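> Quick one: this structure, given as structure tokens, is what I'll be asking you about.
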């Protein structure tokens with residue numbers, strides 16, 4: 001089945017695409033919603049313009065849609081861009097990286113239902129620690145590009161998801177209740193390499209901005 | 001063989017047409033079963049044999065996606081439910097299947113997202129109003145005589161039980177926000 005992947009460039013959507021491919025589904029295009037509202041309800045925002053580079057190395061066409069990030073307008077924009085994917089690439093299903101957010105998941109479910117598309121959430125309800133372990137096991141190279149929770153500071157920016165990070169997140173989970181999947185906006189990630197990439201991406205420049213427990217890292221790729 | 005100590009296997013029946021959907025509709029239930037340290041096997045309804053049912057301690061019939069109605073075309077695969085003496089829990093599409101086997105009727109009834117569900121009586125430890133995650137296009141028009149509705153949303157019946165057997169149906173998805181229901185089902189003696 002031809003599918004479009006709702007793609008933020010982070011670990012969850014990339015891994016969802018990887019699982020879909022592994023199960024024999026074709027990722028015919030990527031859809032990236034570029035929100036101008038940094039606190040978007042629906043979409044993860046940091047470093048999202050870089051998804052174009054990720055699409056290039058996956059050799060998958062990408063549709064990038066800008067949105068002002070106003071709650072209900074975001075959905076209309078998502079609907080129009082999914083319609084484009086349907087007509088342009090003949091997709092019959094949408095794949096997302098939703099894990100636990102019923103807010104995100106039910107809105108996309110409604111949209112797919114309305115547009116007669118299958119909706120796939122292969123990470124749904126997945127244990128966040130298992131997810132991180134699977135990423136490492138499957139050769140994903142993922143860095144942290146944004147943090148937004150107590151216990152996380154700028155020292156996390158640029159760190160790669162590895163066994164040490166899993167241990168640290170485990171501690172923070174016990175201490176502050178941080179969700180180790182980062183789905184609640186605790187942190188944002190960016191995939192530099194994975195089995196779907198023809199070539200790994202390399203960092204050229206980075207710029208850090210923020211304060212207290214809210215930090216972002218703008219990156220530039222080679 | 002009725003050796004209760006040996007037979008502790010939980011059979012999870014997948015109703016999914018699309019293999020990828022099993023990660024979403026079967027695996028989360030399998031994780032709850034695993035956390036209760038119980039063995040389980042996953043079988044698709046098209047490949048379920050009487051042997052699978054015989055070796056099971058309990059059976060959970062899982063849900064599928066909003067766009068998938070294929071399971072409704074294969075009711076003959078579920079005739080075993082009628083005479084089954086083992087505990088069976090049907091979730092969403094699984095509940096629809098159990099309802100149909102016991103002469104109920106379905107209707108269009110769409111609920112997507114969080115809903116309020118009110119229980120009329122104690123059901124796996126719940127006896128008040130709860131918030132539940134729902135994802136279905138079909139609900140119940142008429143519940144068969146052998147079944148008894150036990151929970152309702154503003155749109156209709158959300159859960160039922162069999163009059164005399166350990167057979168239950170839940171239209172919402174307890175594996176998302178109400179995992180304790182599945183845990184209690186697993187613990188039925």
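> Under a GNM of chain A (C-alpha, springs under 10 Å), which listed residue has the highest mean-square fluctuation: A:81, A:142, A:95?
So, out of A:81, A:142, A:95, the one fluctuating most is A:81.
> For chain A, give me the percentage of DSSP beta bridges that are antiparallel, rounded to the nearest 5 percent.
Working: 18 of 35 bridges.
In chain A, DSSP labels about 50 percent of beta bridges as antiparallel.
> Now for a different question. Stick to Cα atoms and the Kirkwood definition of Rh, then tell me Rg/Rh for the protein assembly as shown. Could the numbers behind the result be given before it?
On the way: Rg = 22.3 Å, Rh = 22.5 Å.
Rg/Rh for the protein assembly as shown comes to 0.99.
> Turning to a different aspect of this structure: Other chains near A:80-91: what is the mean number of their Cβ atoms within 10 Å of each residue's Cβ? All intermediate terms of the calculation are to be shown ahead of the outcome.
On the way: counts 0, 0, 0, 0, 0, 0, 0, 0, 0, 0, 0, 0.
Counting other chains' Cβ atoms within 10 Å and averaging over A:80-91 gives 0.
> Another one. For region B:63-189, what is Rg from Cα atoms divided by 2.2 N^0.38 Å, rounded to two decimals? It would help to have the intermediate numbers written out before the result.
On the way: Rg = 13.3 Å, N = 127, 2.2 N^0.38 = 13.9 Å.
Computed over Cα atoms of region B:63-189, the ratio equals 0.96.
> Still on this model: Can you tell me what share of the DSSP beta bridges in region B:1-145 is antiparallel? A percent to the nearest 5 is fine.
Details: 13 of 25 bridges.
In region B:1-145, DSSP labels about 50 percent of beta bridges as antiparallel.
> Can you give me the Cα centroid spacing of region A:132-161 and region B:83-112 in angstrom?
So the two Cα centres are separated by 43 Å.
> Looking only at A:15, A:103, A:89, which one moves most when chain A is put into a Gaussian network model with springs between Cα atoms under 10 Å?
Ranking A:15, A:103, A:89 by mean-square fluctuation puts A:103 first.
> Using only Cα atoms, find the angle between the long axis of helix A:11-22 and the longest principal axis of chain A, and express it within 0 to 90 degrees, rounded to the nearest 10.
The angle comes out near 50 degrees.
> Diagonalise the Cα gyration tensor of region A:74-153 and give the resulting equivalent ellipsoid semi-axes, square root of 5 times each eigenvalue, largest first, whole Å. Before the final figure, lay out the partial values.
Values: eigenvalues 159, 50, 36 Å².
Equivalent ellipsoid of region A:74-153: 28, 16, 13 Å, largest first.
> Right, something else. Counting only helical runs of four or more DSSP H residues, what would the 222 nm mean residue ellipticity of the protein assembly as shown come to if each run contributes -39,500 (n - 2.57) and the total is spread over all its residues? Don't skip to the answer; put the middle values down first.
Values: 13 runs with 120 residues, N = 411.
For the protein assembly as shown, the value works out to -8500 deg cm²/dmol.
> Taking the mean number of other Cβ atoms within 10 Å as a proxy for protection, how do you rank A:128-134, B:43-49 from highest to lowest?
On the way: A:128-134: 17.0, B:43-49: 14.6.
The densest-packed peptide leads the list: A:128-134, B:43-49.
> Rule-of-thumb check for region A:128-221: C-alpha Rg over 2.2 N^0.38 Å?
1.06
> Given a Förster distance of 22 Å, report the FRET efficiency between residue A:88 and residue B:73 from their Cβ-Cβ distance, rounded to the nearest 0.05. Could you put the intermediate results ahead of the total?
Values: r = 32 Å, r/R0 = 1.45.
Here the calculated transfer efficiency is 0.10.
> If you take the square roots of the eigenvalues of the alpha-carbon gyration tensor of region B:148-189 and sort them as a ≥ b ≥ c, do you get rounded (a/c under 1.5), prolate (a/b over b/c) or oblate?
Values: a/c = 3.22, a/b = 1.13, b/c = 2.85.
Oblate is the answer for region B:148-189, as a/c is 1.5 or above yet b/c matches or exceeds a/b.
> With N residues in region A:2-120, what two-decimal value do you get for its Cα radius of gyration over 2.2 N^0.38 Å?
Working: Rg = 12.8 Å, N = 119, 2.2 N^0.38 = 13.5 Å.
Here the Cα radius of gyration is 0.95 times the empirical estimate.
> Let me ask something else about it. From the C-alpha gyration tensor of region B:34-83, pull out the three semi-axes of the equivalent ellipsoid (sqrt of 5λ each), sorted largest to smallest, in whole Å. Walk me through the numbers before you get to the answer.
On the way: eigenvalues 88, 52, 15 Å².
For region B:34-83, the ellipsoid semi-axes come out as 21, 16, 9 Å.
> Further question: Within 10 Å of each residue's Cβ, count the other Cβ atoms and sort B:74, B:136 from fewest upward. All intermediate terms of the calculation are to be shown ahead of the outcome.
On the way: B:74 12, B:136 19.
Ordered by Cβ neighbours within 10 Å, fewest first: B:74, B:136.
> For chain A, what D do you get in µm² per second when you plug the Kirkwood radius from alpha-carbon pairs into Stokes-Einstein at 20 °C and 1.002 mPa s?
Numbers: Rh = 17.5 Å.
Stokes-Einstein gives a translational diffusion coefficient of 123 µm²/s.
> Can I ask one more? I'd like the distance between the alpha-carbon centres of region B:38-62 and region A:172-219, rounded to an integer number of Å.
41 Å
> How do the peptides A:153-164, B:92-103 rank, highest first, by the average count of neighbouring beta carbon atoms within 10 Å per residue?
Values: A:153-164: 15.8, B:92-103: 23.2.
The packing order, highest mean first, is B:92-103, A:153-164.
> Rank by packing, highest mean first: peptides B:8-14, B:61-67, with packing defined as the count of other Cβ atoms within 10 Å averaged across residues.
Values: B:8-14: 21.3, B:61-67: 25.0.
My ranking of the peptides, most packed first, is B:61-67, B:8-14.
> Could you work out, residue by residue across B:14-23, how many beta carbons of other chains sit within 10 Å of that residue's beta carbon, and then give the average as an integer?
Values: counts 0, 0, 0, 1, 6, 3, 16, 8, 2, 11.
Averaged over the peptide's residues, the number is 5.
Any read-out appearing in this document is the output of simple, stated calculations on the displayed coordinates, not a laboratory observation. As the structure is a prediction and not an experimental result, all values here were calculated from the model. Because the Cβ atoms are built from the backbone with ideal geometry, glycine has one as well, and the counts that use them run over all protein chains shown.
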